[in-house]
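Mind having a look at this structure? Questions to follow.
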Amino acid sequence: MYSQDYYSKLREKYWAYEENNPKALVYVNQYIKKAKSEKNYSELFQAYKDAIIYSENQKMIYADSALVAAKKTEKTDLIGQAFLSKGAIYYFNQRKFQFALEEYLKAYEYLKDSKNEYLKYQNIYHIGVVKSYLGYYDEALEIFEQCIDFFEARIDGKMTDNKVFNNTKGYLNSLHQAIVCYQMLNKNAEAISLLKKAAEKTPNIKEFYLEKSYFTKCLGVSEFKNKNYTKAIQYFDQALPELIKVNDFTWVSYIYFYKGKSYELLGDLNLEVENYRKVDSIFNKNKFILPELRSNYEELIGYYRKENNHKEELYYTNQLLKVDSVISSDFKHLSTRVYKEYDTKMLLETKENLEKANSYSKLLIFICLAIIIALGIVMYYRIRKQKNIQKNYNDLLIKLEENNQAEVVAPIVKSEVAETGDKNIKFDNSIVEKLLNDIHTFENKQGYLEQGLTLKKLSEQFKTNTSYLSQVINEYKGSNFNTYINILRINFATQKIYHDKEWRKYSIEHIASAAGFSNRQSFSNIFLEQNGIRPADFIKKRIKELEDQNLS
């Protein structure tokens, strides 16, 4: 009892200090020393966990020590918390997302069966955050929606209650991350709906100023998307002080970028460049940048090129090369999806040419020759690319013709099912017959166009179980459920684009949605995989083909 009282009194002495204040470590180290002398590993774990909060430069060292202490307790909840702490340091302090996700997944193994549901959902939330930053917004949204439901059910009560306070934090942070995902997916209406909830639920006390700033930042993004640039800037300026205070450099740089874009669209060139330069300043200090902010450097390069300021143009060209290196390292799963107006090879050539232009003006003729050669190479690859697109388009036309000539598949009857003895299905033929007829009806009614369709949903619709339906699809359709649905959707979209002129006027996002896909990127990738050509190229080729026919 004396020891527990000693620990409690020590915590009271340092708990009022703000995060990263090393003065608190005087008392924390006393806590550590006492817990070590008593071999009280649960308290030692807590002491190291507190040390992480107040340390400025040794957070990971304390996190490793906390993990060692937690393992000595043999308590799975403490071990899970220790891995969570390491992941949080990788994520928030170092922005090493792959490492953070690895620690969160380790924590999940210890916490998935925990009776402490708060810990479980805290862990799930962190996994969702990493998925969001890696660009898996749909997957992240599912996680945040689960977290919102969990935390929201536990926020009634007074903020003096520690559990209510923590659950309110969890609820508001989950709302913020869900809003970010919706905004990244260009679903502004859904984002605004959650922002209204956030305004109602955020307590107006200093402990929640940070959460309020995150929502204010999101309001700025929504106003930007609605082209209300002056209002967007006002929201960004309101959000900045608290984010700067906690050194959340990720969202601070994000705000400066969007302020720069806002000033650009308002025609204020000086403030546009000033904010873009602030993004670069943050990148220099932290060696981190979001992929969405890559165009910050393209804007600066373009600006100084117009100003004929070769020194600054060269500097930001070098910076863009560094940015690409960071993105490909920290976001290797995402980097291929980032649109690059300047590819690495061309950037290196431009850098070399700029260096020569700055140092040896007499070599201008050689630089011009190099540019001509580079343009020639670009034209060569562009022509080759267009030839490949044309070839793949012609191949697709043959495929479409073959499909049009094929007879419509009739429902499978008993005799046909009975003759397929080579199928690896262990249940009764009558069930197979029913499911095949259900599938046939499903295809004819174009049920595959429903967004969010899953094997479970379709099984319930067919009044069967997922195992039976999965086996029948695998055996009779030659693929798993997801591939089967994607084939149907892509075939549908391909036929519509080819035959219906109205569909050729639609945006790729509209076509993807109409074909049952949740986002443009996955639709475009699967379309390419199945047809050998991207939908945008297919539309262009079809329009050109019809124009040529009309001219002839």
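The values are calculated or read from the model by the stated rules, or taken from the named source; none is laboratory data. All of these numbers come straight from a predicted model, not from anything done at the bench. Cβ coordinates were reconstructed from backbone atoms using ideal geometry, including for glycine residues, and neighbour counts include every protein chain displayed.
Pull out all pairs, ordered by first then second residue, where Cβ-Cβ is under 8 Å, the residues are six or more apart or on different chains, the first lies in the range 485-497 and is closer than 16 Å to F538 by Cβ and at pLDDT 90 or above, and the second is part of a helix (DSSP H, G or I) and hydroxyl-bearing (S, T, Y).
That search, which allows pairs on different chains as well, returns R489/Y448; F492/Y448.
So, one more: Answer with yes or no whether T464 is polar (S, T, N, Q) and either closer than 21 Å to I398 by Cβ or in a helix (DSSP H, G or I) (or both).
Considered against the rule, which asks whether it is polar (S, T, N, Q) and either closer than 21 Å to I398 by Cβ or in a helix (DSSP H, G or I) (or both), T464 comes out as no.
Select from the range 395-442 the residues that are surrounded by 11 or more Cβ atoms within 10 Å (Cβ to Cβ) and more than 30 Å from L455 (Cα to Cα) and write down the one among them that is modelled with the highest pLDDT.
D395
For K115, state whether it is more than 19 Å from I61 (Cα to Cα) and either touching a Leu at 6+ places or on another chain (Cβ under 9 Å) or among the β-branched types (V, I, T) (or both).
no
Right, here's the next one. Only one of (1) within 30 Å of I327 (Cβ to Cβ); (2) surrounded by 17 or more Cβ atoms within 10 Å (Cβ to Cβ); (3) of a type outside the set (V, I, T); (4) without any contact (Cβ under 8 Å) to a residue 60 or more places away in the chain fails for E139. Which number is that?
E139 satisfies all of (1) within 30 Å of I327 (Cβ to Cβ); (2) surrounded by 17 or more Cβ atoms within 10 Å (Cβ to Cβ); (3) of a type outside the set (V, I, T); (4) without any contact (Cβ under 8 Å) to a residue 60 or more places away in the chain except (2).
If V164 satisfies every condition in (1) β-branched (V, I, T); (2) crowded, with 17+ Cβ neighbours inside 10 Å; (3) modelled with pLDDT of 85 or more but one, which is the exception?
Single failed check for V164: (2).
Look through the range 284-297, keep the residues that are in a helix (DSSP H, G or I) and touching a helix residue (DSSP H, G or I) at 6+ places or on another chain (Cβ under 7 Å), and return whichever of them is surrounded by the most Cβ atoms within 10 Å (Cβ to Cβ).
In this case the residue turns out to be N296.
Let me confirm something: among N270, N318, which residue is surrounded by fewer than 22 Cβ atoms within 10 Å (Cβ to Cβ), out of contact with any helix residue (DSSP H, G or I) (no Cβ under 7 Å at 6 or more places or on another chain), assigned to a helix (DSSP H, G or I) and not aliphatic (A, V, I, L, M)?
When all the criteria are applied, what remains is N270.
Another question, then. Mind telling me which of the residues I365, I373 ends up being at pLDDT 70 or above and not aromatic (F, W, Y)?
One residue alone meets the criteria, I373.
Please give the number of the condition V130 fails out of (1) surrounded by fewer than 21 Cβ atoms within 10 Å (Cβ to Cβ); (2) among the β-branched types (V, I, T); (3) touching a Phe, Trp or Tyr at 6+ places or on another chain (Cβ under 7 Å).
(1)
Yes or no, residue by residue, for (1) over 25 Å from V246 (Cβ atoms); (2) small (G, A, S); (3) crowded, with 19+ Cβ neighbours inside 10 Å:
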{"site": "W15", "(1), (2), (3)": "no, no, no"}
{"site": "N20", "(1), (2), (3)": "no, no, no"}
{"site": "L25", "(1), (2), (3)": "no, no, yes"}
{"site": "Y41", "(1), (2), (3)": "yes, no, yes"}
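Turning to a different aspect of this structure: Out of everything in the range 48-88 that is free of Cβ contacts under 8 Å to residues at least 24 places away in the same chain and of a type in the set (A, V, I, L, M, F, W, C), what residue ends up being farthest from K106 (Cα to Cα)?
Among those that are free of Cβ contacts under 8 Å to residues at least 24 places away in the same chain and of a type in the set (A, V, I, L, M, F, W, C), it is I61.
Oh, and also: Take A51 and tell me if it is within 40 Å of the chain's Cα centre (by Cα) and assigned to a helix (DSSP H, G or I).
yes
For the range 12-48, name all the residues that are in a helix (DSSP H, G or I) and of a type in the set (G, A, S).
Answer for the range 12-48, where residues must be in a helix (DSSP H, G or I) and of a type in the set (G, A, S): A24, A35, S37, S42, A47.
Per-residue answers, yes or no, for (1) in contact with a Ser or Thr (Cβ under 8 Å, 6 or more places away or on another chain); (2) part of a helix (DSSP H, G or I); (3) over 25 Å from E145 (Cα atoms); (4) at pLDDT 95 or above:
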residue	(1), (2), (3), (4)
K197	no, yes, no, no
F208	yes, yes, no, no
K217	no, yes, no, yes
I233	yes, yes, yes, yes
I244	no, yes, yes, no
N247	no, no, yes, no
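Which ones in the range 456-470 are surrounded by 18 or more Cβ atoms within 10 Å (Cβ to Cβ) and either closer than 22 Å to A514 by Cβ or in contact (Cβ under 8 Å) with a residue 40 or more places away in the chain (or both)?
Of everything in the range 456-470, those that are surrounded by 18 or more Cβ atoms within 10 Å (Cβ to Cβ) and either closer than 22 Å to A514 by Cβ or in contact (Cβ under 8 Å) with a residue 40 or more places away in the chain (or both) turn out to be L458, Y468.
Sticking with this one: Would you check if there is a residue in the range 253-260 being basic (K, R), in a helix (DSSP H, G or I) and either touching a Ser or Thr at 6+ places or on another chain (Cβ under 6 Å) or surrounded by fewer than 21 Cβ atoms within 10 Å (Cβ to Cβ) (or both)?
no
When only residues in the range 216-235 that are under 22 Å from the mean Cα position of the chain (by Cα) and either closer than 14 Å to Y254 by Cα or among the aromatic types (F, W, Y) (or both) count, which is surrounded by the most Cβ atoms within 10 Å (Cβ to Cβ)?
G220
Name the single residue, out of those in the range 254-301 being over 19 Å from P241 (Cα atoms) and of a type in the set (F, W, Y), that is modelled with the lowest pLDDT.
Selected residue: F288.
Test of understanding: among D64, D113, which residue is at pLDDT below 90, among the charged types (D, E, K, R) and either out of contact with any strand residue (DSSP E or B) (no Cβ under 9 Å at 6 or more places or on another chain) or not in a helix (DSSP H, G or I) (or both)?
It is D113.
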